[in-house]
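The values are calculated or read from the model by the stated rules, or taken from the named source; none is laboratory data. As the structure is a prediction and not an experimental result, all values here were calculated from the model. Neighbour counts are summed over all protein chains in view; Cβ atoms, including those assigned to glycine, are modelled from backbone coordinates with ideal geometry.
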Amino acid sequence: MRLDYGIAWPRNTLNLKKIKKDLGKKTGVYVLTHGAMPMYVGKGQIAKRVKGHARPGSSKTKYWDHFSWFVIDNSRFESQLEVILLRTLPFYVRSLNRQTGSLGKKNRIEPVPKSRPDWIKLPRLGHKRKNKKKK
């Protein structure tokens, strides 16, 4: 399986022209983001769909400034990739998507009913302070 992709392309006229030139009518999955925050996940002809979402008057045009895209040489997996992305993101992150998609219930494996995660002490996030050298 071959995968062509672009990550966090800035939304501007040059990149919208470049994606049309590079991909033409190739289909795949794309993610519209505001900074690093995913706002919308979609599939279809990537260049056409992304350019359409950038058009003035589009319902999504105000909400994104970067986009990522993924072209898989086997189009059977496009829908599954879209659903995986939609299902792993919390609803408030992908706020512009109306649907969540389905992977089918026959393959779903459920956890132990009413089980809770083990308690873990989470590490402090961010950079550690550097100790100042004493003179």
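Side notes on the structure shown:
- Taking the conditions (1) farther than 18 Å from D4 by Cβ; (2) in a helix (DSSP H, G or I); (3) of a type in the set (S, T, N, Q) in turn, Q80 satisfies each one other than (1).
- Of all residues in the stretch 26-47, those that are out of contact with any helix residue (DSSP H, G or I) (no Cβ under 9 Å at 6 or more places or on another chain) and among the β-branched types (V, I, T) total 1.
- Figure legend. Inter-residue proximity from the stretch 43-66: first residues farther than 15 Å from T13 by Cβ, second residues among the small types (G, A, S) and in a loop (DSSP other than H, G, I, E, B), beta-carbon distance below 9 Å, spacing 6+ or different chains. Indicated pairs: Q45/G24; Y63/S95.
- Some residue of the stretch 86-96 being modelled with pLDDT of 70 or more, crowded, with 17+ Cβ neighbours inside 10 Å and hydrophobic (A, V, I, L, M, F, W, C): yes
- Within the stretch 53-64, restricting attention to residues that are surrounded by 14 or more Cβ atoms within 10 Å (Cβ to Cβ) and in a loop (DSSP other than H, G, I, E, B), the residue that is farthest from the chain's Cα centre (by Cα) is T61.
- Count of the stretch 3-26 residues, restricted to those that are buried (at least 17 other Cβ atoms within 10 Å of the Cβ), more than 15 Å from the chain's Cα centre (by Cα) and part of a strand (DSSP E or B), is 0.
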